[in-house]
Amino acid sequence: MSSNPTPDALLGPAEIRELAAALNVRPTKQRGQNFVIDANTVRRIVRTADVRPDDVVVEVGPGLGSLTLALLEVADRVTAVEIDDVLAGALPATVAARMPDRADRFALVHSDAMQVTELPGPPPTALVANLPYNVAVPVLLHMLEHFPSIERTLVMVQAEVADRLAAPPGSKVYGVPSVKANWYAEVKRAGSIGRNVFWPAPNVDSGLVSLTRRPEPPKTTATRREVFAVVDAAFAQRRKTLRAALAGWAGSAAAAEVALVAAGVSPQARGESLTVEEFTRIAENKAGAEGEAGTDRAVPAGQDAPAPETAAARDARAEEAHHEGLGG
């Protein structure tokens, strides 16, 4: 690690605008780009992330390199994942020019972060990123899933998304992002960021979220996908009781009730009141529920059998769950 970083190595407002002008770059709403222009803010992010001299840090969406340079001041190595062609092409030169003694500790992966399942060099130990608002939750969950070596994460996201990620059970904003993030890590709010440190200034506030990886996921015989399927179903119709909301997932409301009772969860409860451990127990009990509820599916005389759920209905539920996962 460089013990004496160049005082002017980091990017300020003037340097950011000069770089952007030279590259003919304008931040785009399509990719949720808002560049940090304040050196004190990026150093604060690095401190809050508890980046250490032996850390291998992965950064998603480095943009023009504000946070990248601050990370290189402290970490052993930094790998940045950038989807934008122009920004990806320019960043290595920016690092070489402003922090030449650390350039060999930097790697650039030109890709969509959602497609990245491998990174060059040693496995990452930390994820630190200013995540684009429109893809923050999917990118975060993807990185946590595919890089189990990541022990500590600090992401800057839209304040509303930060609140959702860190929300406890029972909170009005507790939902799919809260439960899925908690599957991987202990999650907490780690501060707020003002709008004036960005170019262009966003129309929303930003927040920092800290995630510390659990030693292992919740103990369960169900797979992660099976648990997440319960979560998606529970919040796709979050105003309904779990008995009703999980009917499609379990095969019937009766089967859902059997699974819920076996898991020690009230069928009248709603998803927003459940911990990640309770969702895992529900997933574990699905198979037994399907068998035990079979006799409850008989149709009373004089009534038509309910039509099976259509593909369109399933797609609609999945779409609702997808939007919830995006923090929408």
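Overview of results
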| read-out | value |
| --- | --- |
| Computed P(r) (all Cα pairs; the range 10-103; 10 Å bins; percent) | 16, 53, 28, 3 |
| 20 °C / 1.002 mPa s Stokes-Einstein diffusion coefficient of the range 47-153, Kirkwood radius on C-alpha pairs, µm²/s | 158 |
| In Hz, Karplus ³J(HN,Hα) per residue of the range 222-239 (6.51, -1.76, 1.60; θ = phi - 60°; x = Gly, Pro) | 7, 7, 4, 4, 5, 5, 5, 5, 5, 4, 4, 5, 5, 9, 5, 10, 5, 7 |
| Whole-Å semi-axes of the ellipsoid equivalent to the range 143-242 (Cα gyration tensor, √5λ, descending) | 26, 19, 10 |
| Heavy atoms of Lys240: accessible area, 1.4 Å probe, square angstrom to 10 | 90 |
| Principal semi-axes in Å for the range 198-257 [√(5λ), Cα gyration tensor, largest first] | 33, 20, 8 |
| Arg195/Asp50 FRET efficiency (R0 30 Å; Cβ-Cβ; nearest 0.05) | 0.75 |
| Chain lengthening between Thr221 and Thr117 when straightened (0.36 nm per residue, less Cα-Cα) | 34.9 nm |
| Two-decimal Rg/Rh across the range 62-215, once Rg and the Kirkwood Rh are taken from alpha-carbon atoms | 0.96 |
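The values are calculated or read from the model by the stated rules, or taken from the named source; none is laboratory data. As the structure is a prediction and not an experimental result, all values here were calculated from the model. Note that each Cβ is placed from the backbone with ideal geometry, even for glycine, and that neighbours are counted across all protein chains shown. Remember, those area values only see protein heavy atoms, side chains included, never the ligands or the DNA or RNA. Shrake-Rupley method; radii C 1.70, N 1.55, O 1.52, S 1.80 Å.
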